[in-house]
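Have a look at the structure below before the remarks.
The values are calculated or read from the model by the stated rules, or taken from the named source; none is laboratory data. Everything numeric in this text was worked out from a predicted model, so none of it was measured. Every residue, glycine among them, receives a Cβ derived from its backbone with ideal geometry; neighbour counts consider all protein chains shown. For accessibility, only protein heavy atoms count, side chains too; no ligands or nucleic acids. Shrake-Rupley method; radii C 1.70, N 1.55, O 1.52, S 1.80 Å.
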Amino acid sequence: MLLLRCPLLLLLLPLSSRLQKLPTRDEELFQMQIRDKAFFHDSSVIPDGAEISSYLFRDTPKRYFFVVEEDNTPLAVTVTPCDAPLEWKLSVQELPEEASGEGSGEPEPLEQQKQQITNEEGTELFSYKGNDVEYFVSSSSPSGLYQLDLLSTEKDTHFKVYATTTPESDQPYPELPYDPRIDVTSLGRTTVTLAWKPSPTASLLKQPIQYCIVINKEHNFKSLCAVEAKLSSDDAFMMAPKPGLDFSPFDFAHFGFPSDNNSGKERGFLKSSSKFGRQTSSKPRVDLHKVCIGNKNIFTVSDLKPDTQYYFDMFAVNTNTNMSTAYVGTFARTKEEAKQKTVELKDGKVTDVFIKRKGAKFLRFAPVSSHQKVTFSVHSCLDAVQIQVRRDGKLLLSQNVEGVRQFQLRGKAKAKYLIRLKGSKKGASMLKILATTRPNKQSFPSLPEDTRIKAFDKLRTCSSVTVAWLGTQERNKFCIYKREVDDDYNEEQKKREQNQCLGPDTRKKSDKVLCKYFHSQNIQKAVTTETIRGLQPGKSYLLDVYVIGHGGHSVKYQSKLVKTRKFC
């Protein structure tokens, strides 16, 4: 099979007067031509055994040609719509009669040949309208000039065409198994596990096949070409060639197709100037994901949203030809989140809350009496947590909390408050929360901005260390504790023990150094020092300072690792 653009065909047909047939496919020459993409540049020729990509403007038909030179030739034509339905028709007509005056060397006039080709509609072999990948297959086709006419009535679109006269040996598209469905084998709140039967092209013919999964929330896709068009619709697929300007079917780097040359950049209709292209409006990026997973036939999709319907498509891709076949897509709805129990907060009472990693908890506070203000005090024991407070559905507060924070909000008669606490991505979260309408009811002690303990290296001896920490203007009780640790005790171990909500009551009595009251009206002078004696030479100690509020609730400062001198 040889593909010819109409003018090229008209120039070559007079040679038939010498009784020479058009040649069959020369495989070596064909491979050379396919490598040299310029061979098909500005061409309406369909090459034998190679897939081409092209573009259609709405309501602007396009026609391709190819010649089958011998009767009883096998023929297969595949048309793949990408992002819009297509109308296409395949027809055949006899080749023009050979020139009269045998041996005279006088070809028929050009206009006469053109009329012979274009004025005859030919015999329609097949027609289709829709967005499915559709095939015409014949084991015995007549010789003649074949025409493929395509039309898009919906919108500008692109498509792919593949034609061959050796369908049995080519087999560029992966074959589907007898059951081409995708099975959902497991369903969770954020995960879906899919399984499918392998392509016989991989299992029997041992050709290199990889599987690509596509996940989205809108609909199933019928071709990988449609997926690529959707993925690139808002950036790469912005510029289209103007009608009347022909273009290479291989120059599609700007139309959602990979390209390994720069010819597209050099052509005028691919430049960003509005003179050479029509500008389309930008669309928001679609929530569409494609992942290729090699040759395995089971895969778990993760990080999905609960109670959400997703569509899943699977494509077998022949990595030698880069051509693909679609399995029968499926869809599934992830499970709902477990319904959260709402914890009732009592006015002035501290409530302990535990939140799983990435989890959330809901609390409700409904004051029994009218109030002008409401105070929420939060003590995050480990990593930062997020707090949101809504009053009768209206969002009043959204903050991240580390350590101890206090929030005072304007009250409202008979108001109800919904508190949402969201945990850390790093791990489980623990916190204490207090809600009250009485401003003087403060269970949590006030803290300075800096809760580090400073050790003075120059005052370090073989049996003592001297440390300092900041206080506040509020008179509080401070207790300091020590614990001997191994020399290989590191920051990672210390971090694991940074639960600020564990109070002195969890410590051994032998760990206690002393307790004292301390405050300063001048915040700049709110610093206290303490020397810890009776330590062993060359030993490491972990020091902790606890501040205890009027309500008995304690908060731990950041632990400090110190070491006594070995020789004095």
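Extending 7 Å from Cα along the Cβ direction at R364 and again at V291 yields two label points whose distance is 3.9 nm.
Here T506 sits with roughly 80 square angstrom of accessible surface, probe radius 1.4 Å. When nucleic acids and ligands are ignored and a 1.4 Å probe is applied, D457 ends up with an accessible area of around 90 Å².
Using every pair of distinct Cα positions in segment 436-486, the Kirkwood expression returns a hydrodynamic radius of 14.2 angstrom. Once you reduce segment 482-556 and segment 149-227 to the center of their Cα atoms, the two points are 64 Å from each other. A simple packing score, the average count of other Cβ atoms within 10 Å per residue, orders the peptides 210-216, 470-476, 449-455 as 210-216, 470-476, 449-455, with the highest score first.
Given their separation in residues at 0.36 nm each and the Cα-Cα distance between them, D450 and N220 gain 77.3 nm when the chain is fully extended. In segment 295-396, the convex hull through the Cα atoms has an average projected area of 11.4 nm², a quarter of its surface area. Sorting H158, H519 on solvent-accessible area from highest to lowest, probe radius 1.4 Å, gives H519, H158. For the residue pairs K206/K230; K432/K458; K414/K477; K373/K422; K222/K296, alpha carbon separations beyond 28 Å are given by K206/K230; K432/K458; K414/K477. For segment 453-563, the convex hull spanned by the alpha carbon atoms encloses 103 Å³ per residue.
Summed over the residues of segment 453-563 and divided among them, the accessible surface reaches 56 Å² per residue at a probe radius of 1.4 Å.
Taking the square roots of five times each eigenvalue of the Cα gyration tensor of segment 343-436, the equivalent ellipsoid has semi-axes of 23, 12, 11 Å, listed largest first. When peptides 309-318, 51-60 are ranked by their average number of other Cβ atoms within 10 Å per residue, the highest-first order is 309-318, 51-60.
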